[in-house]
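Computed from the coordinates by the stated procedures, all read-outs in this text should not be read as laboratory data. Just so we're clear, the structure is a prediction, and the values are computed from it rather than from any experiment. Cβ placement follows ideal geometry from the backbone for every residue including glycine, while neighbour counts extend to all protein chains displayed.
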């Protein structure tokens, strides 16, 4: 399908040499190296629909970047298949490159010694974008990312935030259907982060681009993604919407309500348990894996009881993901 | 056509970028020229102290460093960014190049403008003018054409050697050190008639590391020493073609290595 990503049983194995500790160990490794196989990505399968923003999450070394590198054509998988906008990226690298945009937060893809605007113009020629279209797109990007204040500066003189904003614009100037973002806001201040998030939201909602995002910033995930794929030790351990993940791992929410009548009898609600009661003060919590989200629980409580006040304590996404990682690690063991 | 236009545009912009740092620009030109000081000293000593070397007249010998230097200068100008690629590989720049719809090798050559090549080429041109003006040879159209082919073949052969090292660097970035060794070797032995060296060393620099084909054999063919190199005449005469063949083979190896690129940092 145009603009979608299909991943089927994708695996990538690296062969490495095991480093033995100490000087003697190093000498032994030199004479008799011990080879090891590292499964960076193992048999992962998922889809991203056109116009969807998917967050690919996982702890450091989980295989996120390797996955993105295979989908952008940088690496060839050991086995499995991937299609990005209908193209197999590692077989038709240059054709795939025309359909995608990519930003690797820690590295720039711009010409280091050239002013940013010159880099944009070179990219316009490489991707054969008509001049009027290029100018219009640049204006649109400038409106959100405020590039014109520094786009005559050489890339080497830009701050990290300025540089990544330019990289983002450069990745989208040729109007790609699919965009890969590997930790795009790493090291940015909160103001610039928000600017970048707004830009991405605009690209997904208004332009219908498909985005695959990796990040460790859960605020970013919360603001941008509806669906999350979690990988750990190279394996896909979870694929679901944020609500599903919260339901499964974020079971630490509480709904605190003050009853209008302190004598009202209180009992459990579907998937909700009464945690404690102190006069008119009642506290509800989730009951097992079938517990509803905190929003649904709140709705149920208000509908069932006449309350004069209500408050919610919810585990943030960071806690939820931590619980998911711990769960994934326990399953791997 | 679009590819040529883009290459020209990037080269122009890169050159302009270098010009903006005036001191750095002039220093780079100077370093390009000073780097060749050993060749200049060699040529001066050869012309002032010796009548010849290895059975060659001094004016004939001078054609060897002149050809090599000019080939080297053109290599630095047109294809030299392939040298020292290991650092760029470790910095992940190859990953960025793989994201653009343009051949990676071409993008490597368009990284920056090699200002030092101006110094290299200035010295090389001076040396070549000196060598031709001192030469007793009749510079017919055929000889001039062969000399041009030899310079281009030498450039391609040098590019081939560094492309092989760059291909190895894709897998083992430390292979870059071999590039430095290669540069040192080309600079040290590239200016001499190799018949002055022990037979084993000469053989190694002919069939092991094909340095002899860069300038020594073409100069031998041009000056009438082609039958006394210890190598079949046809092989020595075919040096420019061998340079082209070596370069094309090296590009195939590069393509194969790039297809097996495993990236850096996972």
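For this structure, a couple of remarks:
- Ranked packing of A:79-88, B:237-246, B:66-75, B:208-217, most packed first, by mean Cβ within 10 Å: B:66-75, B:208-217, B:237-246, A:79-88
- Helical runs assigned H by DSSP (4 residues or longer) give chain A a calculated mean residue ellipticity at 222 nm of -11000 deg cm²/dmol, each run adding -39500 (n - 2.57) before division by the residue total.
- Residue A:39-residue B:235 pseudo-label distance in nm [points 7 Å out on the Cα-to-Cβ vector]: 5.2
- Inter-chain neighbour count for A:116-123: the average number of beta-carbon atoms from partner chains within 10 Å of each residue's beta-carbon is 2.
- The protein assembly as shown: antiparallel DSSP beta bridges as a percent of all, rounded to 5: 70
- In this calculation the C-beta distance from residue A:148 to residue A:243 is compared with R0 = 51 Å, giving a FRET efficiency of 0.80.
- Residues in region B:119-151 reached by a label modelled at residue B:30 [backbone nitrogen below 20 Å; 7 Å Cα→Cβ]: B:119-124
- Computed on the Cα atoms alone, the convex hull of region A:251-314 gives a volume of 68 cubic angstrom per residue.
- The GNM of chain A, with springs linking C-alpha atoms under 10 angstrom apart, assigns the highest mean-square fluctuation among A:67, A:24, A:241 to A:24.
- Over the protein assembly as shown, the pair-distance histogram of Cα-Cα distances with 10 Å bins from zero comes to 3, 14, 20, 18, 16, 12, 8, 4, 2, 2, 1, 0, 0 percent, rounded to whole numbers.
- Using the Cβ-Cβ distance between residue B:122 and residue A:26 with R0 set to 51 Å, the FRET efficiency works out to roughly 0.60.
- If R0 is 22 Å, the Cβ-Cβ spacing of residue A:19 and residue B:260 corresponds to a FRET efficiency of close to 0.45.
- Within 10 Å of each Cβ in B:97-109, the average number of Cβ atoms from other chains: 5
- Counting beta carbons within 10 Å around each of B:234, B:35 and listing the fewest first gives the order B:234, B:35.
- Of A:61, A:285, A:25, the one that fluctuates the most in a GNM where chain A has Cα springs shorter than 10 Å: A:25
- Label-point gap, in nm, between residue A:8 and residue B:3 - each point 7 angstrom along Cα→Cβ: 3.3
- Dividing the helix sum by the residues of chain B, where each DSSP H run of 4 or more adds -39500 (n - 2.57), gives a mean residue ellipticity at 222 nm of -22500 deg cm²/dmol.
- Multiplying the residue separation of residue A:135 and residue A:276 by 0.36 nm and removing their Cα-Cα distance gives an extension gain of 44.5 nm.
- Across region A:55-78, the residues whose backbone nitrogen lies under 17 Å from the label position 7 Å along the beta-carbon direction of residue A:88 are A:70-78.
- Segment residue A:312-residue A:117, length gained on full extension (0.36 nm per residue, minus Cα span): 65.3 nm
- Sorting A:157, B:83 from the fewest to the most surrounding beta carbons within 10 angstrom yields A:157, B:83.
- Taken residue by residue and averaged, Cβ atoms of other chains lying within 10 Å of the Cβ of A:91-98 number 3.
- Most mobile of A:22, A:105, A:58 in a GNM of chain A (Cα contacts under 10 Å): A:22
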